[in-house]
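Following: one structure in structure tokens, then a few remarks.
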Amino acid sequence: MYSIIQNSHSGFMWLVLTMLAISIIVSLVAIITKKSFFSKSLFTVTKYLMYLQFLLGATLMFISPKVQYESGFMKSESLRFYGMEHPLMMFIAIGLVSMGIFFAKKKSDFAKKNRTILIYFIISTAIIAYMVPWDVVLA
């Protein structure tokens, strides 16, 4: 059960990063070409994929041997990363994507909508890329 969820979480990471990259490219192209479109469905699919990824990660927090909330877990770099740093920063990244979509919907101009998405999605992607345990993922 643990390995299935862990592999799913790792696999969905690539899908989420791909969708974020596509969303960023679509917004950037819309800004550069001054096209009046806003791909609400693409951004919404990206957001819900991130929610699914978060649910898989939250499940892993309860069953993973890498997460142990015991006395002194903050002194261990690995336990602190998997138990606090990684989940917290990923939660912030998901919040930024959700906020970006929310604020973009409020804008009236398509260029402003796409600029808002671009800013929030780039920051979120940077956080995700920084907090992914690449030594484990690429091993």
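Here segment 1-19 is the region considered, the condition is being among the aliphatic types (A, V, I, L, M) and assigned to a helix (DSSP H, G or I), and the residue that is modelled with the lowest pLDDT is ILE5.
Per-residue answers, yes or no, for (1) touching a Ser or Thr at 6+ places or on another chain (Cβ under 6 Å); (2) of a type outside the set (A, V, I, L, M, F, W, C):
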{"site": "MET50", "(1), (2)": "no, no"}
{"site": "MET74", "(1), (2)": "no, no"}
{"site": "GLY83", "(1), (2)": "no, yes"}
{"site": "LEU96", "(1), (2)": "yes, no"}
{"site": "LYS113", "(1), (2)": "no, yes"}
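Which one of LEU55, LEU138, LEU49 is of a type in the set (A, V, I, L, M), out of contact with any helix residue (DSSP H, G or I) (no Cβ under 9 Å at 6 or more places or on another chain) and at pLDDT 85 or above? None of the others qualify; the one that does is LEU55.
Residue check: GLU70 meets all listed conditions (1) in a helix (DSSP H, G or I); (2) charged (D, E, K, R); (3) more than 17 Å from HIS9 (Cβ to Cβ) but one, namely (1). Checked against (1) surrounded by 15 or more Cβ atoms within 10 Å (Cβ to Cβ); (2) within 25 Å of LEU60 (Cα to Cα); (3) not hydrophobic (A, V, I, L, M, F, W, C), LYS112 passes all but condition (2).
State which residue is nearest to ASN7 (Cα to Cα) when the search covers only segment 58-76 and only residues that are among the hydrophobic types (A, V, I, L, M, F, W, C) and modelled with pLDDT of 85 or more.
LEU60
Take the residues in segment 52-67 that are among the polar types (S, T, N, Q) and in a helix (DSSP H, G or I); name whichever of them is nearest to the chain's Cα centre (by Cα).
From segment 52-67, those among the polar types (S, T, N, Q) are 53, 59, 64; that's our starting set.
When the remaining residues are screened for being in a helix (DSSP H, G or I), the result is 53, 59.
Working: GLN53: 8, THR59: 16 Å.
Out of the qualifying residues, it is GLN53.
On the stretch given as segment 54-79, residues that are loosely packed, with under 15 Cβ neighbours inside 10 Å and basic (Lys, Arg) total 1.
Give the number of residues within segment 14-42 that are under 15 Å from the mean Cα position of the chain (by Cα) and buried (at least 17 other Cβ atoms within 10 Å of the Cβ).
Let us first name the residues in segment 14-42 that are under 15 Å from the mean Cα position of the chain (by Cα), namely 14-24, 42.
Subset that is buried (at least 17 other Cβ atoms within 10 Å of the Cβ): 16, 19-20, 23-24.
Qualifying residue count, segment 14-42: 5.
When LEU88, LEU49, LEU96, LEU42 are checked against the criterion of being more than 18 Å from LEU20 (Cα to Cα), assigned to a helix (DSSP H, G or I) and either without any contact (Cβ under 8 Å) to a residue 24 or more places away in the chain or not β-branched (Val, Ile, Thr) (or both), a single residue qualifies: LEU88.
All but one of (1) surrounded by 14 or more Cβ atoms within 10 Å (Cβ to Cβ); (2) under 22 Å from TYR130 (Cα atoms); (3) more than 15 Å from the chain's Cα centre (by Cα) hold for HIS9, so report the exception by its number. Of everything listed in (1) surrounded by 14 or more Cβ atoms within 10 Å (Cβ to Cβ); (2) under 22 Å from TYR130 (Cα atoms); (3) more than 15 Å from the chain's Cα centre (by Cα), HIS9 misses just condition (3).
The values are calculated or read from the model by the stated rules, or taken from the named source; none is laboratory data. The structure displayed is predicted, hence computed values, not measured ones. When we count neighbours, we look across all protein chains shown, and the Cβ atoms used for this are built from the backbone with ideal geometry, even at glycine.
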